[in-house]
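Asker: Please find one structure pasted underneath; my questions will follow.
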Amino acid sequence: MKNLFSLLFVCVSFLISAQDQDPKAKAILDDLSKTTKAYKTITADYVFTILNKEKKQVEKQAGKVLIKGNKFKLDIPGNTIVCDGKTLWNYSKDAKEVTIKNFEAENEDQLNPSKIFTIYETGYKFKYDKEEKVGTATCHVIDLYPSVKPEKKKFHTAKIYVDKTKKQIVKLVMLMKDGGQNVYDIKTLKPNLEIADPMFVFDTKGFKPDQISDER
């Protein structure tokens, strides 16, 4: 029995390691990366949905994100989050309070919405799944499997949907370890719009000292 489990482990390990060698998936991801990195800016509207293991909706919210290099601005219900690449401001609209932190691009626990468009680039093995329609777009569906500290991830698989024509991500589905799903639907994506740098700095003028929490 022990030898059987050892053999199964070797086979599964071989299959998983082979997934990141999927040439069809790699070619699509390479094109996606090339297209995305050529954008000077990205303006996107999306809907984020959390589904439980019965695929019943738990939460749904719309958001808008502006991205320019390592700078971003994210508007979601109740919060505006702004980053100039060095400093991160989180403004709670309900509490009328601002939290300020140093921004760490490599910190996975810190919000970085630009990663939704480049999640596939590092730390994942990948495999081509199928073609599927999302709205009017025909998409490649590629499965990503965490290869770096997968035990620390809350999901076991990420499915990205890439528009065959535009070479843009239109949907991202995170299959969670608890059986639920986190779904990002990119409703609109407009590249290369002019966005001035001051858009990525949050102005704290007019706030009282007790409304600002500076954690730098």
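Asker: When a/c is below 1.5 the answer is rounded, else prolate if a/b is larger than b/c, else oblate, so apply that to the chain with a ≥ b ≥ c taken from the square roots of the Cα gyration tensor eigenvalues.
Answerer: prolate
Asker: Using a/c under 1.5 as the rounded threshold, could you call region 21-132 rounded, prolate or oblate? The axes a ≥ b ≥ c are square roots of the C-alpha gyration tensor eigenvalues, and prolate needs a/b larger than b/c, oblate otherwise.
Answerer: In terms of gyration-tensor shape, oblate.
Asker: Hey, another quick one. What number, rounded to the nearest 500 deg cm²/dmol, is the helix-based mean residue ellipticity at 222 nm of the chain, given -39500 (n - 2.57) per DSSP H run of at least four residues and division by all its residues?
Answerer: On the way: 2 runs with 34 residues, N = 216.
My calculation for the chain gives -5500 deg cm²/dmol from helical runs alone.
Asker: Additional query: Going by average Cβ neighbours within 10 Å, how do the peptides 164-176, 140-152 rank, with the highest at the top?
Answerer: 164-176, 140-152
Asker: Let me ask you something else. What full-extension length gain, to one decimal in nm, is calculated for Thr99 and Asp30 as 0.36 nm per residue of separation minus the Cα-Cα distance?
Answerer: Difference between extended and current length: 21.1 nm.
Asker: Within 14 Å, Cβ to Cβ, of Val47, how many net charges do the neighbouring residues add up to if Lys/Arg are +1 and Asp/Glu are -1?
Answerer: Working: positive: Lys60, Lys64, Lys171, Lys187; negative: Asp45, Glu59, Asp75, Asp185.
That sum, taken over residues with Cβ under 14 Å, equals 0.
Asker: Further, regarding this structure: Between Thr204 and Glu54, what is the spin-label point distance in nm, taking each point 7 Å from the Cα along the Cα→C-beta axis?
Answerer: Calculated label separation equals 4.5 nm.
Asker: Let me ask something else. What is the log10 of I(q)/I(0) for region 67-186, computed with the Debye formula using one identical point scatterer on each Cα and no solvent, at q = 0.14, 0.15, 0.21 Å⁻¹?
Answerer: Reported log10 I(q)/I(0), two decimals: -0.72, -0.82, -1.24.
Asker: Which of rounded, prolate or oblate describes region 46-87 when judged by the alpha-carbon gyration tensor and an a/c cut-off of 1.5?
Answerer: prolate
Asker: Taking a 26 Å limit on the Cα-Cα distance, which of the listed pairs Lys127/Lys166; Lys68/Lys208; Lys37/Lys171; Lys73/Lys127 fall beyond it?
Answerer: Checking Cα-Cα distances, Lys68/Lys208; Lys73/Lys127 exceed 26 Å.
Asker: If R₀ is 25 angstrom, what is the calculated FRET efficiency for the pair Lys154 and Thr188, using the beta carbon separation as r and rounding to 0.05?
Answerer: Values: r = 28 Å, r/R0 = 1.10.
Plugging the Cβ-Cβ distance into 1/(1 + (r/R0)^6) gives 0.35.
Asker: Around Thr188, under 10 Å between beta carbons, what's the net of Lys plus Arg minus Asp minus Glu among the other residues?
Answerer: After counting each charged neighbour, the total is +2.
Asker: Using only Cα atoms and rounding to the nearest 10 degrees, what angle (0 to 90) does helix 23-38 make with the longest principal axis of the chain?
Answerer: The angle comes out at about 10 degrees.
Asker: Right, something else. Treating only the Cβ atoms of Lys and Arg (+1) and Asp and Glu (-1) as charged, compute the dipole magnitude of region 20-207 about its Cα centre; round to the nearest 20 debye.
Answerer: With only Lys, Arg, Asp and Glu charged at Cβ, the dipole is about 280 debye.
Asker: Turning to a different aspect of this structure: Local charge sum around Val201 (other residues, Cβ-Cβ under 13 Å, Lys/Arg +1, Asp/Glu -1)?
Answerer: +2
Every number here is computed from the coordinates shown, using simple stated rules; none is lab data. Keep in mind it's a predicted model, so treat the numbers as computed, not measured. Because the Cβ atoms are built from the backbone with ideal geometry, glycine has one as well, and the counts that use them run over all protein chains shown.
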